[in-house]
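Input: a single structure, listed below in structure tokens.
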Amino acid sequence: MKELSVENLHVTIADQEIVRGLTLRVPRGEVHALMGPNGSGKSTLAKVLAGHPDYQVTKGKVMMDGENLLELEPDERARRGLFMAFQYPSEVPGVTIANFLRAAIQSRLPEGEELEATDYYAKLYEKMELLGMDRSFTSRAVNEGFSGGEKKRTEILQLAMLEPKYAVLDETDSGLDIDALKTVAHGVNSLRGPDLGVLLITHYQRLLNYIIPDHVHVMVAGRIVRSGRKELALELEERGYDWAREGAAEPVLR
Amino acid sequence: MKTETSAVDINRNIGDFAYPEVHVRDAGAGLSEKTIHYISDVKEDPDWVREYRLRGLKTFLEKPLPTHWASKDLEAIDFDKIRYYLSPGTAAKRSWDEVPEDIKRTFERLGIPEQERKFLAGVEAQFDSEAVYSNIKKAVGEQGVIFVGSTEGLKNHPEIFRKWFGKVIPIGDNKFSALNSAVFSGGSFIYVPPGVKVKHPLQAYFRINAENFGQFERTLIIADEGSEVTYMEGCTAPKFNTTTLHSAVVELVALKGAKIQYITVQNWSANVFNLVTKRGLAHENAEVKWIDCNIGSRLTMKYPSVIMKGRKARGEVLSIALANDGQHQDTGAKMIHAADETTSNIISKSISIGKGRATYRGLVHVPKHLKNCKNNTECDALLINATSRTDTYPAITVRGTGNAVQHEASVSQVSAEQIFYMQQRGLTEAQAMSLSVNGFVNDLVRQFPMEYSVELKRLIELEMEGSVG
Ligand SMILES: Nc1ncnc2c1ncn2[C@@H]1O[C@H](COP(=O)(O)OP(=O)(O)OP(=O)(O)O)[C@@H](O)[C@H]1O
Ligand SMILES: [Mg+2]
């Protein structure tokens, strides 16, 4: 089965259980939105999928296209097709976007094969244009001194360049002005297709007007409490998270 | 294993091999007047050199180890166990074909003859104590440029050699310059006539092959008025369990309006004590620029200096030091302003990995009576692990009015979040580290000649691969 699947996942950090029995499936080709109050564990889930070493998985399974992700190092997961756009992207001082992406793409090539420079730059410029980024950005160090919006755009640029099978976008919309939101949404939409599964973490229904999800999940206190079609997001906006909690199959800890 | 050959070979793996010794001349272990006479006899030194050596020995024995400010690790050097002179007993050859087979193979493995064909104006290859090969492109030689081993320079060009030898760095400058003065052998002698601009670099390659050995090359470069020259040195040694000592003295003289650029790539194995004295003298409007990269060794102590003696002279030190686990890079720069309107620039970047330790020592001296002198000093340290260490000791004495100094220092650390971010894009931990280190040195490396910066990046990658996981 071509899907990113999480089954009964439990995650602890600093002796605190943050994710408590979460189950979720994102088939390749679909876009799933994940919403939930602050501190409910959305970013924790994203980082665990990507293999962040600080989080401890105490129980559960995470599979990507039938392969156990939990056994793999973060970079192996990435090279096999998992991408995460960070809520708070790190700076990489002195390393230009062009060099960074080049190294990232090179790491996916078989040993001994060299990335063709002209093709690479052609593609890079094409994607930058798609995202409304100035070419001069390629020579700036990754995220160094970037505005919040520029960082988010750079995350999507990397997504476009690395062509993953699954992408987890953690609040890529926050910090974007309305025009930038449209551009980034346009960028993500242009990547949509049968070969990409997306887990879109957001607080705002607004984004979902531009990137229309196939499914919407609501996460509260480390668990999915409701799942539905795109209308769920609207309903959630009207009724709030208390309503979502009430709908949970089992009582949810607050 | 890499198979391609490199411009300046600093690949640790490539350097780590040794052929059986082929030495005919061996001064034996330990240091005494007898050792000096042995060396002087073998080299057929003129009397003044023999006397100079004896004075060097005396000063060396009198001076204490500088452990009151430097590392106590110096005490681990057993001067009685070291062999001070080893050579095959033949003069340096002008053609690789004439170089003894084993030695030739060594340099072929290091890629030297190939680089010579590709982009160098001349090459000298030193094996233990003596140059085994030295050659200069015909066109360059015809301009009157001299590029030979120091032994040959002393023999064939005594008038220039004697005039400048020991004038920039006196015997008693420090304990190790005294040691070098006593037992020096090998190194380069270069003279560039007035107005001659040597387009391509001259390169020397210093190879230590023998165990329990000390290499004491002595380099003297004189750029006559208005001339220009770039010199590159590379060094390697195999990994022995015993101590190896490398203690060179390098003197540069840039006469009026001349420019000397001296580039070092040091890739010593982790058993080498690398204690080197380097100083340049810049006359009026002349420029001395040191590009100094220290990778490997157990302890490196090296502070390239420039004495700006003439009006408008310029001095520059650009340095990178990488201290891996168990290594101590104690490096820096000294800028002595001795005339009006002189300017100096120091940019030093150090990287400490694991328990590696990087120390920066700087000295900028501008006396009171001078006018319109400028210095800029920047030293940045990058710590890779929580156990890594860096120390900075800048000493700036600037007096008088109208002199300007600017000093900036920074310490940064590669954060775990940064590494995770990079890994999420597909880079292994080692690749992420080495890219971070490259990012740290990038703006400095951009000022280096091309062949050199490519190699430096590759070496950093190798070091990082070896130090992670
Ligand atoms: N490294 C950590 N150490 C301690 N607590 C942590 C750590 N990381 C996350 N937490 C805690 O886990 C909980 C979930 O955090 P997480 O960032 O996953 O929430 P979120 O759903 O992404 O919230 P937001 O919508 O504000 O981004 C929070 O209470 C947070 O403080
Ligand atoms: Mg979050």
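Worth a mention:
- Secondary structure note: in chain A, about 60% of the DSSP beta bridges are antiparallel.
- Cut-off 11 Å (backbone N to label point 7 Å along Cα→Cβ of residue B:413), residues of the range B:378-398: B:383-389
- The trypsin sites (Lys or Arg not before Pro) of the range B:405-469 that DSSP puts in a loop, and whose beta carbon has at most 12 other beta carbons within 10 Å, are B:446.
- Within straight-line cross-link reach of residue B:93, aspartates and glutamates at Cα separation under 13 Å, skipping those fewer than 8 residues along the same chain: B:101, B:124, B:130, B:152
- Share of carbon and sulfur in the accessible heavy-atom surface of chain A [1.4 Å probe, %]: 45 percent
- Taking the range B:25-464 and dividing mean pair separation by its residue count, relative contact order in percent (alpha carbons under 8 Å, at least six apart): 9 percent
- Overall form of the range B:272-388 per C-alpha gyration tensor (a/c, 1.5; a/b vs b/c): prolate
- Computed about its Cα centre, the charge dipole of the range B:52-111 is approximately 260 debye, with only Lys, Arg, Asp and Glu carrying charge at their Cβ.
- Shape of the range B:103-191, Cα gyration tensor, a/c cut at 1.5: oblate
- For chain A, the longest principal axis of the alpha carbon atoms and the long axis of helix A:148-162 meet at an angle near 80°.
- For the range A:68-73, 3J(HN,Hα) computed residue by residue from phi via the Karplus equation (6.51, -1.76, 1.60; θ = phi - 60°) reads 6, 6, 5, 7, 9, 5 Hz, glycine and proline entered as x.
- Residue A:113 contributes an accessible area of around 90 Å² to the protein surface, as traced by a 1.4 Å probe with all chains present.
- Label-to-label distance for residue A:234 and residue A:177 is 3.0 nm, based on points extended 7 Å past Cα in the beta-carbon direction.
- When the surface is traced with a 1.4 Å probe over the full set of protein chains, residue B:377 keeps roughly 0 Å² accessible.
- Expressed as a fraction of 2.2 N^0.38 Å, the C-alpha radius of gyration for the range B:76-116 is 1.59.
- More than 18 angstrom apart: percent of Cα pairs within the range B:225-325: 47 percent
- In the protein assembly as shown, the DSSP beta bridges split such that about 20 percent are antiparallel, to the nearest 5.
- Close amide H partners of residue B:25, meaning residues 5 or more places away or on another chain with modelled amide H under 5 Å apart, are B:87, B:89.
- For the protein assembly as shown, convex hull volume per residue from C-alpha positions, Å³: 181 Å³
- For residue B:262, the solvent-accessible surface computed with a 1.4 Å probe is close to 0 Å², ligands and nucleic acids excluded.
- One quarter of the surface of the convex hull around the alpha-carbon atoms of the range B:304-370 equals 4.1 nm², the direction-averaged projected area.
- When you restrict to C-alpha pairs under 8 Å that are six or more residues apart and normalise by the size of the range B:334-469, the relative contact order lands at 23 percent.
- Two-site label geometry, residue B:79 and residue B:311: point separation in nm, points 7 Å out along Cα→Cβ: 4.5 nm
- Going from the chain on its own to the full set of protein chains, the range B:428-469 has these residues losing 20 Å² or more of accessible surface (heavy atoms, 1.4 Å probe, no ligands, DNA or RNA): B:428, B:435, B:439, B:442.
- The phi-based Karplus calculation (6.51 cos²θ - 1.76 cosθ + 1.60; θ = phi - 60°) puts the 3J(HN,Hα) values of the range B:68-77 at 5, 10, 9, 5, 5, 4, 4, 5, 6, 6 Hz, whole numbers, x for Gly and Pro.
- Per-residue accessible area (protein heavy atoms, 1.4 Å probe) orders B:289, B:278, A:59 as A:59, B:289, B:278, starting from the largest.
- Residue order for A:239, A:77, B:389 - accessible surface, 1.4 angstrom probe, largest first: A:239, B:389, A:77
- Average projection area in nm² (convex hull over Cα atoms of the range B:25-464, one quarter of hull surface): 20.5 nm²
- Crossing angle, helix A:117-130 versus chain A [Cα axis fit, 0-90 degrees, rounded to tens]: 50 degrees
- In sequence order, calculated HN-Hα J values of the range B:122-136 (Karplus, 6.51, -1.76, 1.60; Hz; x Gly/Pro): x, 9, 10, 10, 10, 10, 6, 8, 10, 5, 9, 8, 8, 8, 10
- Buried on complex formation within the range B:405-425 (loss of at least 50 square angstrom of accessible surface versus the isolated chain, 1.4 Å probe, ligands and nucleic acids ignored): B:417, B:418, B:420, B:421, B:423, B:424, B:425.
- Distance from the range A:96-120 to the range A:11-54 (C-alpha centre basis), Å: 30 Å
- The gain in end-to-end length when the residue B:94 to residue B:16 segment is fully stretched comes to 25.4 nm, 0.36 nm per residue minus the alpha carbon separation.
- Cross-link reach list, lysines versus residue B:312, counting only Cα pairs under 21 Å and skipping chain neighbours closer than eight places: B:197, B:256, B:259, B:289, B:334, B:368, B:371, B:374
- Quick note on chain A: its Rg to Rh ratio, both from C-alpha atoms and Rh being the Kirkwood radius, is 0.96.
- Under-5 Å amide H pairs with residue B:374, H placed in peptide plane, nonlocal only: B:342, B:343, B:344, B:404
- Area hidden from solvent between B and A (accessible, protein heavy atoms only, 1.4 Å, total, Å²): 1900 Å²
The values are calculated or read from the model by the stated rules, or taken from the named source; none is laboratory data. Every value quoted in this text rests on a predicted model; they were computed, and no experiment measured them. Cβ coordinates were reconstructed from backbone atoms using ideal geometry, including for glycine residues, and neighbour counts include every protein chain displayed. Side chains included, ligands, DNA and RNA excluded: accessible areas come from the protein's heavy atoms. Shrake-Rupley method; radii C 1.70, N 1.55, O 1.52, S 1.80 Å.
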